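A quick write-up on the structure given underneath.
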């Protein structure tokens with residue numbers, strides 16, 4: 001399987017975005033809440049269901065909780081950007097409009113006191129549409145919580161090590177995908193509890209898988225990245241029959257004919273170090289590495305000839321002081337803006353509220369302006 005480097009695209013050199021100080025978008029804290037003494041690793045709003053757009057969840061330690069925000073808080077920072085990973089042990093502060101507040105709805109504490117949840121994702125029940133909260137972490141077990149019944153609905157066991165990220169298929173929100181330290185990615189049906197596909201093997205990742213993301217419009221495609229410095233694009237087209245079968249399966253989930261997918265349609269060596277976050281932007285990909293930059297690039301795949309595709313790097317966004325792995329970025333609901341934290345040391349040096357806000361502006365080229373709106377970075 002060939003690996004494609006940055007210089008093997010269409011031949012155009014990558015344009016580098018410029019950092020310009022921005023004081024127009026000021027976010028101020030409107031309240032804070034401390035959830036114990038353990039770190040909070042993730043926060044996510046329920047963009048899967050319009051009925052619960054004002055509900056968000058947090059994970060950290062062996063605790064999962066979700067909260068309801070009043071309408072006045074809907075312009076708060078975290079709602080604008082959907083999800084944002086907190087890699088520190090400080091008090092979590094929710095930034096929202098003046099006089100905004102939030103209320104605790106439910107809390108889930110795992111039976112394993114040593115569990116540490118790293119990731120969460122909202123899903124929806126295939127039959128009755130109930131909101132489901134999916135969380136996983138250090139023990140490698142996926143917990144599915146039914147927020148309507150306030151009960152633990154299912155637990156998925158299969159990964160051989162910790163789970164670093166879970167994402168939900170936006171076009172089919174009863175499907176989730178999980179990225180693990182065991183070097184594999186798994187596709188699950190949260191309604192039936194079936195592990196449908198396992199992405200690992202000869203062409204799979206050679207170290208921890210740190211991030212995954214579904215294509216926003218191509219339901220059969222997703223991207224993954226990890227500690228082997230690569231981004232891999234996978235297609236489920238050949239195996240979609242098994243996805244459909246997972247909804248009508250009546251036997252035990254353990255008897256389902258789970259299939260292995262060993263070869264991605266593209267392996268891209270865009271970065272030279274750990275790649276800890278990747279997100280689709282239309283048909284383009286944003287990927288972040290610990291080499292202090294986010295790269296926007298276009299994959300060109302040939303599904304009939306896996307490994308023979310190419311990549312074209314469109315733009316690089318420098319992210320200073322961001323060389324600690326597992327600091328992830330997030331985009332707002334409409335993918336107009338992007339937010340990312342910087343290193344812990346930088347955050348500790350500056351008093352709260354004194355940090356700079358930046359806008360990363362795309363250069364005046366026809367391709368980049370059309371492909372990517374201005375991107376916001378906050379420290």
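Of the residues contained in the range 149-169, none is found to be within 16 Å of the chain's Cα centre (by Cα), more than 26 Å from residue 106 (Cα to Cα) and at pLDDT 95 or above.
Looking across 243, 261, one residue alone is touching a helix residue (DSSP H, G or I) at 6+ places or on another chain (Cβ under 7 Å) and either within 28 Å of residue 132 (Cα to Cα) or surrounded by 24 or more Cβ atoms within 10 Å (Cβ to Cβ) (or both). It is 261. Criterion first (closer than 20 Å to residue 181 by Cβ, assigned to a loop (DSSP other than H, G, I, E, B) and out of contact with any helix residue (DSSP H, G or I) (no Cβ under 7 Å at 6 or more places or on another chain)) does residue 234 satisfy it? So residue 234 does not fit the description; no.
The values are calculated or read from the model by the stated rules, or taken from the named source; none is laboratory data. What you see is a predicted model, and the numbers here were worked out from it, not measured in a lab. Here Cβ is always computed from backbone atoms with ideal geometry, including for glycine, and neighbour counts include all displayed protein chains.
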